[in-house]
Amino acid sequence: MSSTAFANHTAQKSNRCANCETELLGPHCYACGQPVKGMVRHFSSIIGDFFDTLLAFDSRTWKTVPSLFFRPGFLTAEYFSGRRVRYVSPVRLFIFLCVTSFFVTQINIDWAINFNNTEVVAVDVESAGKGYDDAVDNIRKLKQEHANDNILVVNLEKLESELVKEQVELKTDLNQLNNNLSGSKGDSVDSENFTKDKIASGLNETITELDREFLQVKWLPDSVEEWINKKVDSAHKNVERVTEDPNRFKKAFLGALPSTLIIMLPFFAMMLWMLYIFKRRLYMEHLIVALHSHAFICLSILVANLLYSVGEQLAGYSAITSFVDGLLIILIIWVPIYLFFMQKRVYRQGWLITLCKYSFLGLAYLSLLSVGAVLTVLWSLAEL
């Protein structure tokens, strides 16, 4: 076969599926579904596909994230209109932002507790009374300058005697304070142990109450009840470890929160479905709303962490610190406003009825989240 014929044969073969020989019309075979690209190619291309598949880190990201943060309900409306391919999918967006935000929170915040946070510092009595000495010296100079004015001299002498008396009382009080502070050093260890014991006792009481109110379900199978009892016992045993090293609990708690939010999503969508049942929308539409709203909350947590880090790094610049604090306050205010306008834009009802439904939904979901957070705390303690 000539070189030209071989090249034509190779080109013709490359336009056909290697599995079923069907002519290719795109990156996948429409007959058997096999992709054109396999694993046998440059490693850089594999890495690019990994980020594209797992993180959706491509051109769609730059269209999706700003719209998610600044345009309430826009992505949801676009999705319902059928314009889906130009944005990151709601599921992938939520999972990525949820995991990323809580991971950044985990490494950004130190939960170490200083149980003995009263720093014992002796007061310099002589320095504290220096102001009185200066005032008395000034009065004496005035007495010399106006020695001929008897009335002024008498008033200055009265003022001088009062300042001297106050100075003596101040030094007495400061000396007593220093004695008390030096005596408190010996009690610092006992105070620290008392604080730790008090925290541990409170956690144990909370776990016991939670077990009594929510986890003692009589109709559960014996195996499930035994599993719950083991987790409760494990949580009790780990309370002391939490008081010794709170960051250990932080790692377990923040690691479990993404799973808790994922579990809460269907319940939030069910609440939306019940509130807007006469809108005759499918449950999956409400789930898309839930995914986008939770993705926005996770993005806000991520932005708050970044602002907090900037403020910590530039703490020496008061102007920048004030600016960052202002941005954090604006972000906190923006979250509830965003969620309200998102609900108004998606469901297209009047302002008053939207406000009523928004308030009811917020209170109900906060209650549900509180239960979820408590259960997450218990689970985190049990899994330490």
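The values are calculated or read from the model by the stated rules, or taken from the named source; none is laboratory data. As the structure is a computational prediction, the values presented were derived from the model and not from experiment. Cβ: placed from backbone, ideal geometry, glycine included. Neighbour counts: every protein chain shown. With ligands, DNA and RNA removed, areas are computed over all heavy atoms of the protein, side chains included. Shrake-Rupley method; radii C 1.70, N 1.55, O 1.52, S 1.80 Å.
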* Structure fact -> Taking first residues from the range 145-157 that are touching a residue at least 12 places away in the same chain (Cβ under 8 Å) and second residues anywhere that are of a type outside the set (D, E, K, R), the pairs with Cβ under 6 Å that are 6 or more apart or on different chains are Leu156/Ile139; Leu156/Leu142
* Taking the options Ser309, Ser367, name whichever one is free of Cβ contacts under 8 Å to residues at least 12 places away in the same chain and open to solvent by less than 80 Å² (accessible area, probe 1.4 Å). => Ser367
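So that you can scan it fast, the table gives a plain yes or no per residue for (1) closer than 23 Å to Leu272 by Cα; (2) open to solvent by 60 Å² or more (accessible area, probe 1.4 Å):
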position: Ser318; (1), (2): no, yes
position: Leu328; (1), (2): no, no
position: Ser359; (1), (2): yes, no
position: Thr376; (1), (2): no, no
* To do: With respect to Thr243, determine if the residue is at pLDDT below 70, over 23 Å from the mean Cα position of the chain (by Cα) and among the polar types (S, T, N, Q).
  => no
* Asked: Before we move on, is Ser223 loosely packed, with under 14 Cβ neighbours inside 10 Å, of a type in the set (S, T, N, Q), at pLDDT below 80 and part of a helix (DSSP H, G or I)?
  -> yes
* Only one residue in Glu162, Glu126 is open to solvent by 90 Å² or more (accessible area, probe 1.4 Å), at pLDDT below 70, more than 30 Å from Ile263 (Cα to Cα) and in a helix (DSSP H, G or I), so which one is that? -> Glu126
* Collect the residues in the range 257-280 that are without any contact (Cβ under 8 Å) to a residue 12 or more places away in the chain and either crowded, with 18+ Cβ neighbours inside 10 Å or outside any helix (DSSP H, G or I) (or both), keeping them in residue-number order. => Arg280
* Ala56 being modelled with pLDDT under 60, hydrophobic (A, V, I, L, M, F, W, C) and surrounded by 15 or more Cβ atoms within 10 Å (Cβ to Cβ) -> yes
